[in-house]
Structure formats: C-alpha cells, structure tokens
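Only one structure is covered here, and it is reproduced in the block below.
Any read-out appearing in this document is the output of simple, stated calculations on the displayed coordinates, not a laboratory observation. Being a predicted model, the structure only gives us computed values, none of them experimental. Note: ideal-geometry Cβ built from the backbone for every residue, glycine included; neighbour counts use all protein chains shown.
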Ligand SMILES: C[S@@+](CC[C@H](N)C(=O)[O-])C[C@H]1O[C@@H](n2cnc3c(N)ncnc32)[C@H](O)[C@@H]1O
C-alpha cells in the first residue's frame with residue numbers, strides 16, 4: 001500500500017525567527033529540533049551505531065527481549081503514532097508483534113521521514129502508513145485517522161529528555177489528549193548513571209557528535225542567510241549532575257560577529273550557544289513526570305546494566 005505524506009512542517013521563516021530569538025537570549029540558545037535537516041538526520045543515524053552511544057542498541061535490546069509483553073500492553077490493530085520516528089530500526093522490532101492497522105510516524109525531518117515511510121510501507125503492505133512531517137513541540141496536529149481503533153504511542157530514543165521537565169509534562173499531556181482515556185504509550189527514557197559513561201556517549205572519538213552539533217550552524221547559514229564561520233566554533237558536551245542532564249554547547253573560539261539576515265550578533269571568546277539538554281531520569285522520577293501529565297505507570301523494563309528504561313504508561317481515566 002502506498003504511504004500518505006502530510007506536510008505540516010513549519011515555514012522557513014519560523015527557523016529564522018526562532019534562531020534570532022534564541023541568540024538574543026543570555027546565555028544564547030538554539031532548539032535541538034533544528035539539528036535535523038537531511039545531513040543532521042544522517043549524522044544522528046551514524047551516532048547511533050557508535051560503540052560509545054549505548055542508548056540505541058540498549059533500547060533495541062529491551063524491545064527485542066520484551067516484544068511479547070509490550071504487545072500485551074499496547075494491543076493489536078491499533079493506530080500506532082510514533083513521535084520523532086527517525087530511522088525505522090526500532091519500529092521494525094515492534095511491528096511484527098504489534099501488527100497495528102495504521103502506523104503514523106511523526107518527524108520534523110521531512111526527507112528522512114519520506115525515506116523511512118516508503119521503506120516501511122513497502123515491507124508492510126497490509127498496514128496503512130500516514131507519515132506526518134511536523135514539529136510535535138508546537139502542536140500535535142494529525143490527519144483524520146480511524147476513530148474506532150484504539151490509539152497507542154511510541155516515543156523512543158529518550159527524546160523526551162530534550163525537554164525541560166515542565167515542557168516534557170506539557171508535551172506528554174498533549175500526547176495523552178491525542179490518545180484519549182485508556183490509550184497506551186511506550187516511551188524510552190535514558191537512566192541516570194555515572195558521569196564517565198554519559199559523557200563518553202556525547203564525546204565520541206570519531207567526532208560525529210561534534211559534526212552533528214556544528215551542522216546546526218551550517219544549516220542556519222543555508223536556511224537563514226547567516227555567515228557563521230563554523231571553524232570558529234567547537235563542540236562541548238558535559239554532564240550537569242545538579243540538573244541531571246547532559247548539556248551540549250557550541251563554543252566560540254574567539255571574539256567575533258556573525259550576520260544573520262542583516263542583523264549583527266556578537267560573540268565573546270569562550271561564549272557558548274546552548275544547543276541541547278538531554279535529561280536523565282531514574283525510573284521513579286520519570287513515573288512522577290508521567291503522573292503529572294495524567295498517565296498511570298503500568299510497566300517498565302530495563303537492561304541488565306540498568307542503562308536505559310522503556311516504560312508503558314496509560315492515560316488515566
Ligand atoms: C534523538 S532522534 C531519535 C530518532 C529515533 N526515534 C531513535 O530513537 O533513534 C530525534 C528524532 O526526533 C525528530 N525530532 C526532533 N525534534 C522534533 C520535533 N520538535 N518535532 C518532530 N520531530 C522531532 C528528529 O528529526 C529525529 O528523527
């Protein structure tokens with residue numbers, strides 16, 4: 001069955017406005033959602049295969065081992081909505097056991113989403129695929145979907161950790177509204193652990209995470225008419241233990257000015273642009289977050305090393 005593509009992607013001027021707004025803040029900030037142009041998505045895929053980057057293989061291991069139990073919780077023949085679907089490696093592990101009637105991958109990275117949706121539609125010809133290109137942090141706009149089928153969500157990759165805890169609650173609440181009472185969500189959440197392991201995952205020796213972080217500036221040059229000299233910025237990632245998060249920054253190596261759409265923005269030597277947080281949660285902390293968003297904690301699974309958790313939450317009521 002051919003897949004449908006619903007383009008609710010924000011217009012290019014939103015990127016310019018958000019970039020200028022973020023660089024006017026102190027400290028300067030850019031949203032991690034802008035990492036994912038085509039090159040950013042390719043770089044992220046390469047990161048997931050790095051030996052230091054434990055989250056992807058650990059989450060896939062949990063999904064493979066717990067597939068049957070997960071299917072009991074999520075049910076069959078559902079409308080399965082995947083948030084931040086990226087490459088289809090994780091959903092492939094679930095599709096055979098879940099056998100949803102409709103699969104709705106939602107991602108901001110349009111070309112990458114088209115590739116993934118077309119591969120899934122080819123390999124699962126009996127399943128309806130409704131790909132949605134959208135910014136799920138702005139609104140969870142979805143096309144018309146069958147009303148009679150139960151809804152379930154899959155939110156992998158610990159992407160929820162990219163949101164400040166209160167913003168995470170608000171996003172989860174939006175997901176809960178889309179699912180409706182009794183709807184189930186399967187969500188992957190990276191666990192708190194020792195600093196060395198965490199920092200190694202975001203400072204790989206092949207420098208792919210550095211390239212991923214710096215690609216943001218290349219994208220802003222191309223899409224927002226900026227003139228960042230990318231060689232004058234460096235990747236920095238560290239664990240902020242007090243906040244329970246990995247922080248990624250781009251550090252200006254010298255005093256410099258950058259021009260974006262006619263506006264001049266000054267950088268001091270050593271000044272940073274904060275580009276991403278990845279909050280880490282204990283199982284209990286995450287269950288509390290889910291409860292605040294109106295979800296009941298139903299089940300969770302971890303790996304033997306307690307690196308990563310996968311939770312099944314259900315919309316209360
Ligand atoms: C960390 S990657 C995870 C990819 C994949 N789900 C995984 O688990 O490996 C985040 C994914 O979410 C998408 N994404 C990031 N911010 C988004 C947003 N605001 N709205 C929709 N998709 C977003 C990215 O394009 C990317 O595919």
statement: Of 121, 71, the only residue that is away from the ligand (no atom under 14 Å from the Cβ), touching a helix residue (DSSP H, G or I) at 6+ places or on another chain (Cβ under 7 Å) and not in a loop (DSSP other than H, G, I, E, B) is 71
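Could you list, in sequence order, the residues of the range 252-263 that are more than 10 Å from residue 226 (Cα to Cα) and surrounded by fewer than 16 Cβ atoms within 10 Å (Cβ to Cβ)? Outline the logic, then answer.
First pass over the range 252-263, keeping only residues more than 10 Å from residue 226 (Cα to Cα): 252-257.
Matches in the range 252-263: 253, 254, 255, 257.
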task: Go through the range 106-118 residue by residue and tally those that are within 11 Å of the ligand (Cβ to nearest atom), more than 22 Å from residue 168 (Cβ to Cβ) and either in contact with a helix residue (DSSP H, G or I) (Cβ under 6 Å, 6 or more places away or on another chain) or free of Cβ contacts under 8 Å to residues at least 12 places away in the same chain (or both).
output: 2
- request: Determine which single condition residue 189 fails, assuming it passes every other condition in (1) surrounded by 19 or more Cβ atoms within 10 Å (Cβ to Cβ); (2) more than 28 Å from residue 81 (Cα to Cα); (3) touching a helix residue (DSSP H, G or I) at 6+ places or on another chain (Cβ under 6 Å).
  value: (2)
statement: Over the range 46-68, the set of residues within 24 Å of residue 182 (Cβ to Cβ) and either more than 15 Å from the ligand (Cβ to nearest atom) or not in a helix (DSSP H, G or I) (or both) is 66, 67, 68
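Is it the case, given these coordinates, that residue 163 is within 22 Å of residue 9 (Cα to Cα), touching a strand residue (DSSP E or B) at 6+ places or on another chain (Cβ under 6 Å) and within 16 Å of the ligand (Cβ to nearest atom)?
Numbers: within 22 Å of residue 9 (Cα to Cα): yes; touching a strand residue (DSSP E or B) at 6+ places or on another chain (Cβ under 6 Å): no; within 16 Å of the ligand (Cβ to nearest atom): yes.
No: the conditions fail for residue 163.
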- prompt: Out of (1) touching a helix residue (DSSP H, G or I) at 6+ places or on another chain (Cβ under 9 Å); (2) within 20 Å of residue 194 (Cβ to Cβ), what's the single condition that is false for residue 293?
  reply: (2)
